[in-house]
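Asker: So that we are looking at the same thing, I have put the structure below in structure tokens.
Nothing in this text is a laboratory measurement; each read-out follows from the coordinates by a stated rule. This one's a predicted model, so the numbers in the text were calculated from it and none came from an experiment. Because the Cβ atoms are built from the backbone with ideal geometry, glycine has one as well, and the counts that use them run over all protein chains shown.
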Amino acid sequence: MSGRVTALFGLAGAMLAGCFQTAQAREIVPFANGVAPGSVVISVSQRKLYLVNGDGTAIRYPVAVGRPGKQWFGIKPIDGKYVAPAWSPPAEVKRDNPRLPNLIAGGSPHNPMGAAAMTLAGGEYAIHGTNRPSSVGTYASYGCIRMYNQDVVDLYARVDVGTQVYMTH
């Protein structure tokens with residue numbers, strides 16, 4: 001698998017290849033929600049992300065979701081895919097944490113975006129890896145969806161720009 005990651009992502013793939021050497025938290029589960037195959041469904045209450053296979057199953061990944069008051073619900077398409085993205089804190093995050101720098105380089109251990117990110121239409125939210133794996137499974141973010149780095153790399157390879165993301169209760 002790590003050779004495939006390097007081929008998909010070029011130089012950044014070498015950095016990501018190590019993500020496949022750890023245990024994977026994802027699993028195949030029964031799933032019948034009525035959404036199109038290839039869609040992503042995120043259950044905030046379960047803190048799980050489902051990639052719909054279309055055969056009555058989905059790949060289920062544990063995630064961190066928005067803290068109470070920071071959650072959103074609805075449908076947004078993926079509008080961008082980035083490997084080891086740089087991060088600029090949104091205004092609300094910067095206001096709450098004024099000591100944060102204006103930009104954290106991609107690949108930095110201080111970058112909260114982790115190994116990869118898929119931005120959602122509207123510009124405020126993303127599905128991304130994390131530099132704090134202990135936050136996965138909790139209500140931790142300002143509305144973004146955090147995944148283990150190995151899982152976000154797996155999802156990144158399975159979805160395209162335009163994939164519909166359904167955020168449900």
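Asker: For segment 71-134, count the residues as N, evaluate 2.2 N^0.38 Å, and divide the Cα radius of gyration by that value, please.
Answerer: Dividing the Cα Rg of segment 71-134 by 2.2 N^0.38 Å gives 1.13.
Asker: Right, here's the next one. Would you mind computing the Rg to Rh ratio of segment 25-168 from its alpha-carbon coordinates, Kirkwood style for Rh?
Answerer: 0.95
Asker: How large is the charge dipole for the chain, taken about the Cα centre, if only the Cβ atoms of Lys, Arg (+1) and Asp, Glu (-1) carry charge, to the nearest 20 debye?
Answerer: 360 debye
Asker: Still on this model: Would you mind checking which residues have amide H under 5 Å from GLY106's amide H? H placed 1.01 Å from N; only 5 or more apart, or other chain.
Answerer: ALA86, TRP87
Asker: Then there's this: Sketch the reach of a paramagnetic label on SER88 as a point 7 Å from Cα along Cα-to-Cβ, and name the residues of segment 98-138 whose backbone nitrogen lies under 15 Å away.
Answerer: Under cut-off, by backbone N: 101-106, 123-125.
Asker: Given 0.36 nm per residue, what is the gain on full extension from ASN97 to GLU124 after removing their alpha carbon distance, in nm?
Answerer: 8.0 nm
Asker: For VAL40, what charge total do you get from the other residues with a beta carbon under 15 Å from its beta carbon, if Lys and Arg give +1 and Asp and Glu give -1?
Answerer: +4
Asker: For every helix of n ≥ 4 consecutive DSSP H residues, a contribution of -39,500 (n - 2.57) applies; sum these over the chain, divide by its total residues, and give [θ] at 222 nm rounded to the nearest 500 deg cm²/dmol.
Answerer: It comes out at -5000 deg cm²/dmol, rounded to the nearest 500.
Asker: Translational D (Stokes-Einstein, µm²/s) of segment 92-167 at 25 °C and 0.890 mPa s when Rh comes from the Kirkwood sum over C-alpha pairs?
Answerer: 185 µm²/s
Asker: What list of ³J(HN,Hα) couplings, whole Hz, do you get for segment 125-131 from phi and the Karplus terms 6.51, -1.76, 1.60, once you set θ to phi - 60° and write x for glycine and proline?
Answerer: Each residue's phi maps through the Karplus curve to give 10, 8, 9, 8, x, 8, 8 Hz.
Asker: Next up: Tell me, in nm to one decimal, what length is gained between VAL29 and TYR142 on full extension, where the rule is 0.36 nm per residue of separation less the Cα-Cα distance?
Answerer: Gain on extension, VAL29 to TYR142, equals 37.9 nm.
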